[in-house]
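I have placed the structure first, in the form of structure tokens, so that the comments after it can refer back to it.
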Amino acid sequence: MYRVFEDTIKEENRITDETIENLKELRFQTIDDGELIAYLHFQCQKLLEFAKEKNESKEIARAINLSTLETIGTAIGDSRSVNIDQLIQQMKSTDYAFLVIHNHPSNMYFSRRDVRTFIDSDNIAILIVIGNNGAIYIIEKTRQLSLNELLSARKTLVDWKNKLIDFNRVIEQIGKFGIVYSEM
């Protein structure tokens with residue numbers, strides 16, 4: 001007997017207008033320009049609004065060029081993931097740094113795939129995950145990783161996958177490579 005995968009979001013995990021309106025202010029370690037932070041906060045609200053209205057509160061991702069502030073695209077996902085490979089390809093064809101935002105219907109922090117994509121992509125300087133409940137998680141690169149640091153970070157992710165360490169230990173270990181984590 002086959003189990004049918006139902007791609008729906010539980011009522012308590014749906015994005016609400018109140019969540020969008022009351023989204024916490026962003027704080028960054030690598031950005032201190034108040035106008036830029038306000039703009040990025042607005043973009044986070046727009047992402048949640050789009051996910052709510054156009055994708056049934058399922059995952060959505062957007063990439064924003066941190067120099068031009070242009071959104072280079074939107075990726076539409078399901079209730080458990082969003083594939084941003086197309087956005088990464090667009091980023092790779094430039095020398096710009098990008099901020100990538102996506103929502104998590106589960107309201108959880110970063111997945112292993114999120115952290116791996118962030119670590120592996122030279123162009124992603126900041127990654128934001130917003131829970132459908134309004135929780136905000138941010139990781140930022142303060143510098144590019146060396147090859148040895150990249151390999152060590154990947155090993156950390158394998159240890160996490162194999163349940164040898166937890167998320168807090170992952171953040172501690174990758175923090176040694178100039179990656180900072182914050183949550184609001």
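We did not get these values from a lab; they are worked out from the coordinates using the rules stated. This structure is a prediction, so every number in the text was calculated from the model and none was measured. Using ideal geometry, Cβ is built from the backbone for each residue, glycine included, and neighbour counts are taken over all protein chains shown.
What ranking do 9-18, 101-110, 47-56 get when scored by the average of other Cβ atoms within 10 Å per residue, highest first? Kindly include the intermediate steps, with their values, before the conclusion.
Values: 9-18: 13.9, 101-110: 21.0, 47-56: 18.4.
Ranking the peptides 9-18, 101-110, 47-56 by packing returns 101-110, 47-56, 9-18.
Give, as a single signed number, the net charge of other residues whose beta carbon lies under 13 Å from the beta carbon of A63, with Lys and Arg counted +1 and Asp and Glu -1. Provide the component values of the computation, followed by the final result.
Values: positive: R62, K92; negative: E70, D85.
Net local charge, A63 excluded: 0.
By Kyte-Doolittle mean hydropathy of at least -0.5 and Cα axial length of at least 20 Å, which whole DSSP H helices of the chain are selected?
34-54, 147-161
So who's got an amide H within less than 5 Å of the one on N103, skipping anything under 5 residues away but keeping other chains? H placed 1.01 Å off N, in plane.
Those lying under 5 Å, H to H, from N103 are I60, I130.
Below 8 Å, C-alpha to C-alpha, sequence gap of six or more: please give me the relative contact order for the chain in percent.
Dividing the mean separation by the residue count of the chain yields 20 percent.
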